[in-house]
Amino acid sequence: MEAPKRMVQIWMLILGAVIIYSDDHIFILRTFSESVTAEEAKQLRDEVREMFYHAFDGYMEHAFPHDELKPLSCEGEDTLGGYALTLIDSLDTLALLGDRERFTDSVEWIGKNLRFDINKTVSVFETTIRILGGLLSAHLIASDYNTGMRVPSYDGELLDLAEDLARRMLPAFDTPTGTHATGIPFGSVNLIHGVDENESKITSTAGGGTLTLEFGMLSRLTNDPIFEQVTKNAVMGIWARRSKINLVGAHIDVFSGEWTQKDAGIGTSIDSFYEYLLKAYLLFGDEEYIFIFQEAYRAAMHYLYNDPWYVEVNMNSAALVWPLFNSLQAFWPGLQVLAGDIEPAIRTHAAFFSVWKRYGFTPEGFNLATLSVQRGQKSYPLRPELIESTYWLYKATQDPRYLDAGRDMLASLQYGARCTCGYCHISDVEFHIQEDHMESFFLAETVKYLWLLFDLGAGPDNLIENGPYKYIFSTEGHLLPMTPQISLVREHCLYFGAYCRSSNLRLETNISGIAKKPGETNHSKTYSCPGPTCSLSRFTPQSSPAISGLGYCPGLTHGQRFGIKYAASADANLQDKSPTQRPADVVQSHSLVLVSNHNADQVDHVKHQDSSVEGSVVAQGEEKQQGKLIELFEGR
Ligand code: DMJ
């Protein structure tokens, strides 16, 4: 056995890859010394395309019309409602890849065959983000010549299905915890009978607060305000129960409004609540959402952020509960790009990516105190979040190291997760054990963001960059276009990079191409804002030169006003820095720190055990961290 192994190893090293042997497993990791070039980005984009078809064709051949593929046994399984979940979740990825034939066939099949009058009890959250979002984004692509993917035979069938499905979920909102007639929804609903008699009254914050984009779109497409109203009531109901320090807990009783799980964090059970506050503002221009987002974001950065990590704290006292990185947190740097807060995003992404590099995947939980995989949270179920943030940060900075990170993550997926008929969950990131499951979000999000990343690197040629609209991505990665019908945002307040940490309303930017008045320089330009919502992020050339907070700023081009401004070339400041100053070196130097009592002026982080906590994630006997500087990865 030894000789052939060595031969393979030498051969693979020539190809730029390393093979690592353990007792029972062989891990193949590529190492690359060169940064990804535009030419290589093209090849990687094509590799991702092939990856999509390996999984999509595997699903269509072996699992369709079941919900999801079991990629090892090559069978189907019904995991949500038994209505071709993976096909619906994949629709806009097919369109993005320009696959007119499969997109058309799929839209036609769904229009003819899908029905929701079935006696199934389904998750309101998952059904909304995967099915409703998938149907709505595909409807908007299939019905519009401007997308280049109009389906000639299409006559609004997907929109009808979406409306039917949403009406079947409305009974879930019949609770008293909102700000108006409806409230925070039950977690699940039966598509025929409404809420089951014994349905749990406990739901997660993300579950109740991540419905506004899809339901709001539906209202604007059907001219029926009910969908937008009920989901906004739910958000307001959650926010009305925030703590005095503007944190929300993880689980809440939809009848009493009592928090049943008081851990505040940016990951599990809460993550997309924050995401939809900002995105609902960006998509709909509803200013209430940006006010809430600003308060919520400020509190998160004050109480949860321990540069570069995020921890979970008690929502009332801010006492530290879990010093844990959970993989769902990895969407946050991407959200920060949208919010215009780039510097912490760069550092946090580097820290999260260091966990990926260590294991080849991110485990569901990584304990920041023990610096090891959290017991019971060893799996990597093909999640997109870190890739999503990598895409956003590359889009914002054009720093090639994000392409390099994408190449690493693609290699991990190819060598660790690819299996017979698709891509497999990894049940243990330390031993790379494959499991017979492939979540639909792998095709809706993970592959989509990877493809978009490399397409950007190659010189973008896709609907999002070159199409007729700006798009907001739903939390499931679905494309929600800012068409005039949907987006009622007043132009003067429409910008990505909307968030302003301070009350300083100056915009400082060095973006080239902005028309200047005589005497102005690129590096210091002050714009006045017409109203409180047009507070502008303040960027200095030293901090984040590639991003603009765009507002009512005379002289901006349409492109600058409506999107993230690309750096004309790679981030000059980053290039100028010495290697030790560059953000990615956090990964290399392994000298990350967790400061658990960072300038929290009123509330100290103290050792704390909340007796109401359910689903404990820190194993008994493990030390929780007190308020002191803790060095992580030192010397590793
Ligand atoms: C997806 O369904 C969505 O991104 C959701 O917001 C979080 N979980 C998965 C991906 O990990």
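The table for this structure:
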| item | result |
| --- | --- |
| Mean Cβ neighbour count within 10 Å, used as a protection proxy, ranking 75-81, 341-347, 48-54 highest first | 341-347, 48-54, 75-81 |
| Residue exposure sequence - 407, 167 - by fewest surrounding Cβ within 10 Å | 167, 407 |
| Assigned charges on the beta-carbon of Lys, Arg, Asp, Glu; the range 159-272 dipole about Cα centre (debye) | 500 debye |
| Net charge contributed by nearby residues that have their C-beta within less than 10 Å of residue 430 (K/R +1, D/E -1) | +1 |
| The range 95-140: trypsin sites (Lys or Arg not before Pro) in DSSP loop, at most 11 other beta carbons within 10 Å | 115 |
| Cross-link pairs beyond the 32 Å C-alpha cut-off, checked among 357/448; 232/470; 244/378; 357/395; 378/470; 201/244 | 244/378; 378/470 |
| Gain on full stretching of the segment that runs from residue 371 to residue 428 - 0.36 nm per residue minus C-alpha separation | 18.9 nm |
| 14 Å beta-carbon shell around residue 226, net charge (K/R +1, D/E -1) | -2 |
| Shape call, the range 269-423: gyration tensor on alpha carbons, a/c limit 1.5 | oblate |
| Relative contact order (percent, whole number), the range 281-383, Cα cutoff 8 Å, 6+ residue spacing | 19 percent |
| Separation of the residue 46 and residue 160 label points, Cα + 7 Å toward Cβ, nm | 4.2 nm |
| Net lengthening on full extension, residue 200/residue 39 (0.36 nm per residue, minus Cα-Cα) | 52.7 nm |
| Potential lengthening between residue 57 and residue 79 on full extension [0.36 nm per residue; Cα-Cα distance subtracted] | 6.0 nm |
| Size of electric dipole in the range 359-472: Cβ of Lys, Arg +1 and of Asp, Glu -1, about Cα centre, debye, nearest 20 | 120 debye |
| Cleavage-rule hits, GluC sites (Glu not before Pro), the range 162-236, DSSP coil, Cβ neighbours within 10 Å at most 13 | 197 |
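Every read-out reported here was derived from the displayed coordinates using simple, explicitly stated rules and does not represent laboratory data. Source: prediction; values computed, not measured. Note: ideal-geometry Cβ built from the backbone for every residue, glycine included; neighbour counts use all protein chains shown.
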